[in-house]
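Below is one structure; the comments refer to it alone.
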Amino acid sequence: MRLAITGGLLVDPAAGTETRADLYVAEGRIVAAGEAPQGFRADRVLDAAGLVVCPGLVDLWARLGGPGAGLDGELAAAVAGGVTRLACPPDSDPPLDEPGLVEMLARHADSTALAQVHPVGALTCGLAGEKLAELGALSQAGCVAFSQGDRPVADLVVLWRALQYATTFGFRVWLHPEDGSLARGGVAHDGEVAGRLGLPGIPALAETVAVATALLLARDTGTRLHLTRLSCADSVEMVRRARAEGMEVTCDVSVHHLHLSELDLGYFDPLCRLEPPLRSQRDRDALAHGVADGTIQAVCSDHRPLDEDDKQLPFGEAGAGATGLELLLPLTLKWALHERLALPSALAPVTTGPARVLGLELPSLAPGAAADLCLFDPGAWWTVERATLRSRGANTPFSGYELSGRVRCTLVAGRVVYESR
C-alpha cells in the first residue's frame, strides 16, 4: 500500500530534527519527505495536521505471557501505545530456554501482524542459575540477547563462565542487577517509608553490589553488557564512570521510576508494588537526569500484565508489576517536559536508544527506512483509567492521572495497525 501522511510535524530522533512536511510510504518503507516522488499515487491519505509523526517506539522490557489470546491482547496494547518493536524477557512460564519455545513465540507474534517481538533467551537452563542454556541454538531461533529476567545467578563462577561464552560468540547479555541474598524477603525500598509502614526492605546496596559485580565481570570478559531497570542513584554513577573508562555497557530504566518514589506508596498502595521497588526522591531524580545526559540509553515500559486479583491483596502479598505499554509515550513526554528537552531528544530514549541496545537498524524518517511509525497528538489530554487501557492487566500506579500525548495512528512496515476514533 502507498500512503501519504500529510501536514504532520516530522520528528526524527536519529537526525535530531523536527520539520513540518508530508511523508510518503510505499512497500513498507519511507520513500520521500516533503515532495512526493515522481508518479507517486497514494492509495490512502492520512491527515496528520496537529500531530507529531515519529518512528515507532521500541520497548526493551515487556512481558506478554505465552502464545494465545493473552499475547494478542498485549500486542494490541503495544500498538495502541505507539510501540512497534519490543523485547520480551525470558522469565515467562515456561522460561524461554528452548529453541522450540522461542520459535513458537515468534511465529505467533508474526501471525498477529502487530508489533514486532524480539525474544530475549534464558541465560541458564530453566533460569535456575546452574547450567548454561544452549545459547547458540537460541540465537539461531531468534533471540537477540540473553538474560535471567528477575532471577539472579547466585553462583558467580556460573555467571563468569556464561559471560565468557557469550563474549566468544558475540552475544549480548542483559542482567537485572539485584543481589538475591540482600534483597531476600523485601517488598519495598529500605528507607523511611518502609520503616514507618513496617514493610521488609530491599536496600539500595542489593542493586549497587550487583552492578559492581556485573561491571567487574564484564570488564574481565569483554562482554557486551546491558543492565536492565536501574533504580538507584549510585548505580547510575557507577555506569557513568564505567562508560567514561571506555566500557561497552548500556542500561535502561523503567518509565515508572522516572516519576515515582517511595513516597507514592502512601498507605500500602499495592499498585505501587514494583520490581525493582520505588526508591528515594534522590534516586528518582538521578535516574531522570541520567536519561537526559545519555548515561541511561533507554526508557522501558517494564510492562507486566497482572490480573486484578493479584493486586487486590495486602502490599506485601500483591504481585509486583504494572501495565506500561500504553503509558510509555505520555510518561516519557512528561519526563521530557520536566527536563526541558526538545522532541527529538525526548523521543530518543524510546526509539534510537533501545534500537542501539538491540543492535537493530536505527528508527528514522529518512528515505529507505522501515515505515514503522507513530502519529500522536502531543496536546491531547486523557485520564488513565482501566476502561481506557487495552492490556488485560490494567493495574497501574498512574490510575487517575491526567496525561498529555495520545497515539492516533500506528504503522508497522507501512501497514496501519492501530487507529483511534
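The values are calculated or read from the model by the stated rules, or taken from the named source; none is laboratory data. On a predicted model such as this, the values are computed, not experimentally measured, just so you know. Please note: Cβ atoms are built from the backbone with ideal geometry, for glycine as well, and neighbour counts cover all protein chains shown. Keep in mind that these areas ignore ligands, DNA and RNA; they rest on the heavy atoms of the full protein, side chains included. Shrake-Rupley method; radii C 1.70, N 1.55, O 1.52, S 1.80 Å.
So how many Å³ per residue does the convex hull of the Cα atoms of region 201-281 work out to?
Residue-normalised Cα hull volume stands at 86 Å³.
Normalised by the residues of the chain, what does the relative contact order come to in percent, with Cα pairs under 8 Å and at least six apart? Don't skip to the end; give the middle numbers.
Working: 1016 pairs, mean separation 85.3, N = 421.
The value is 20 percent.
Quick one: Karplus J couplings for region 176-185, per residue in order, coefficients 6.51, -1.76, 1.60, θ = phi - 60°, nearest Hz, x for Gly and Pro?
Residue by residue, region 176-185 yields 8, x, 7, 7, x, 6, 6, 8, 3, x Hz.
Just the number please: accessible area per residue for the chain, 1.4 Å probe, all protein chains included, in Å².
39
Which Cα, out of 60, 140, 353, lies furthest along the positive dipole direction of the chain (beta carbon charges, K/R +1, D/E -1)?
353
Under 5 Å between amide H atoms, partner at least 5 residues away or on a different chain: which partners does residue 418 have, H built in plane at 1.01 Å?
So residue 418 has HN proximity to 410.
If amide hydrogens are placed 1.01 Å from N in the peptide plane, which non-local residues have theirs closer than 5 Å to the one on residue 188?
Here 202 satisfy the definition.
With each run of n ≥ 4 DSSP H residues scored as -39500 (n - 2.57), what mean residue ellipticity at 222 nm is computed for the chain after dividing by its residue count and rounding to the nearest 500 deg cm²/dmol? Don't skip to the end; give the middle numbers.
Values: 13 runs with 126 residues, N = 421.
Helix-only estimate at 222 nm: -8500 deg cm²/dmol.
Please compute the length gained on full extension between residue 196 and residue 184, using 0.36 nm multiplied by the number of residues separating them and subtracting their Cα-Cα distance.
Extra length from residue 196 to residue 184 when fully extended: 2.4 nm.
Could you work out what % of the accessible surface of region 94-216 is carbon and sulfur, using a 1.4 angstrom probe and leaving DNA, RNA and ligands out of the count? Don't jump to the answer; show the numbers that get you there.
Numbers: 2900 of 5280 Å².
In region 94-216, the share of accessible area belonging to carbon and sulfur is 55 percent.
Going 7 Å from the Cα of residue 361 along its beta-carbon direction, which residues of region 85-107 have the amide nitrogen within less than 17 Å of the resulting point?
Inside the label zone: 85-86.
Cα-based Rg of the chain per 2.2 N^0.38 Å, rounded to two decimals? The partial results should precede the final answer.
Details: Rg = 20.8 Å, N = 421, 2.2 N^0.38 = 21.9 Å.
For the chain, the normalised Cα radius of gyration is 0.95.
Take the chain, connect every pair of alpha-carbon atoms lying under 10 Å apart with a spring to form a Gaussian network, then pick out the residue of 176, 189, 338 with the largest mean-square fluctuation.
338
What residues have an amide H closer than 5 Å to that of residue 32, excluding those fewer than 5 places away on the same chain, when H is modeled at 1.01 Å from N in the peptide plane?
For residue 32, whose amide H was placed from the backbone, the distant partners under 5 Å are 24.
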